[in-house]
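The structure appears right after this line, and notes come after that.
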Amino acid sequence: MKRSIQVTMWSVAAALLLTAPVMAQQIKIGVVDYGRLMEESPQAKAVQDVLRGEFGPKNTQLQQEQTALKAREEKLQKDSATMSADQRSKAEKDLRDGVRELARKQSEAQDDFNARRQEEMTRLQRTLIEEVRTYAKAQNYDMVIAEGVIYATPTIDITPAIIAALQARPARPTAAAPTAAPKPPAKP
C-alpha cells in the first residue's frame, strides 16, 4: 500500500514536471459566436439574397395560384344554388384537382428550396470555418472555441474581428472548393 502511494506521488510529480513548460507558456484562446457569424456575415446575407432571388418568383406564382383557387371556391359556393348537379359536381372535381395540384407544386417547391438551402449553407459553413482558421493562425491563437460556450468575456470573443475579415472578402461564396496556396519551387 505504501509503495502504491509512493508510485502515485512520483507519477504526479513527474507529470507536473513534464507539464511545467507548457503551463509556463501563455496560451491564447478565442471564442467565436458561430450563430452570430451565420446571421451577420456578408456571406450569409448573400446566401439569403441568392435563395430569395432564386425561389421568390416561384413562391409568388404559387401564391397567385392559391388566390385563384380561393376565388374559384368562393364562386362555386356562390353559384352552386343555380348550377345543375352535373355542373356542380364537375366544378367541385376541378376545384379538388386544382387544390391537389397546388399542394403537389408547393411540396416540390419546398423540397427544392430545402435542398438548395442545404447546399448553400454547407458552402457557407465551410467558408466561415476556413475564415476562423485563417484568422486564428494569423493571430497565433492556440485554440478557438465555437460551440458550447455559455459565457465569454469580450476580450476573448473574436467574433467581431472575424466578421470584419469576412466583410473584407467577396460576399458571394464560390462554388469551388478553396484552392491550396502554390508550393514554392524546389531548391536545386
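The values are calculated or read from the model by the stated rules, or taken from the named source; none is laboratory data. Note that this is a predicted model, so its numbers are computed, not measured. Here the Cβ positions follow ideal geometry from the backbone for every residue, glycine too, while neighbour counts run over all protein chains shown.
If Pro57 passes every condition in (1) modelled with pLDDT under 90; (2) closer than 22 Å to Phe113 by Cα but one, which one does it miss?
Of everything listed in (1) modelled with pLDDT under 90; (2) closer than 22 Å to Phe113 by Cα, Pro57 misses just condition (1).
Exactly one of these conditions fails for Ile150: (1) at pLDDT below 90; (2) within 25 Å of Gln61 (Cβ to Cβ). Give me its number.
The single condition Ile150 does not satisfy is (2).
Could you say whether any residue in region 85-94 is closer than 30 Å to Ala152 by Cα, surrounded by 11 or more Cβ atoms within 10 Å (Cβ to Cβ) and of a type in the set (A, V, I, L, M)?
Taking region 85-94 as the starting set, the residues that turn out to be closer than 30 Å to Ala152 by Cα are none.
The answer is no, given that none of the residues of region 85-94 is closer than 30 Å to Ala152 by Cα, surrounded by 11 or more Cβ atoms within 10 Å (Cβ to Cβ) and of a type in the set (A, V, I, L, M).
Among Arg123, Arg104, Arg100, which is the only one that is surrounded by 12 or more Cβ atoms within 10 Å (Cβ to Cβ), in a helix (DSSP H, G or I) and either charged (D, E, K, R) or in contact with a strand residue (DSSP E or B) (Cβ under 8 Å, 6 or more places away or on another chain) (or both)? Break it down stepwise before answering.
Details: Arg104 fails: surrounded by 12 or more Cβ atoms within 10 Å (Cβ to Cβ); Arg100 fails: surrounded by 12 or more Cβ atoms within 10 Å (Cβ to Cβ).
Only one candidate qualifies: Arg123.
Within region 126-145, take every residue that is assigned to a helix (DSSP H, G or I) and of a type in the set (A, V, I, L, M) and give me the one that is nearest to Lys70 (Cα to Cα). Please lay out each step first, then the result.
The first filter runs over region 126-145 and keeps only residues assigned to a helix (DSSP H, G or I), leaving 126-138.
With of a type in the set (A, V, I, L, M) added as a condition, the list becomes 128-129, 132, 136, 138.
Working: Leu128: 44, Ile129: 47, Val132: 50, Ala136: 56, Ala138: 59 Å.
Top of the filtered list is Leu128.
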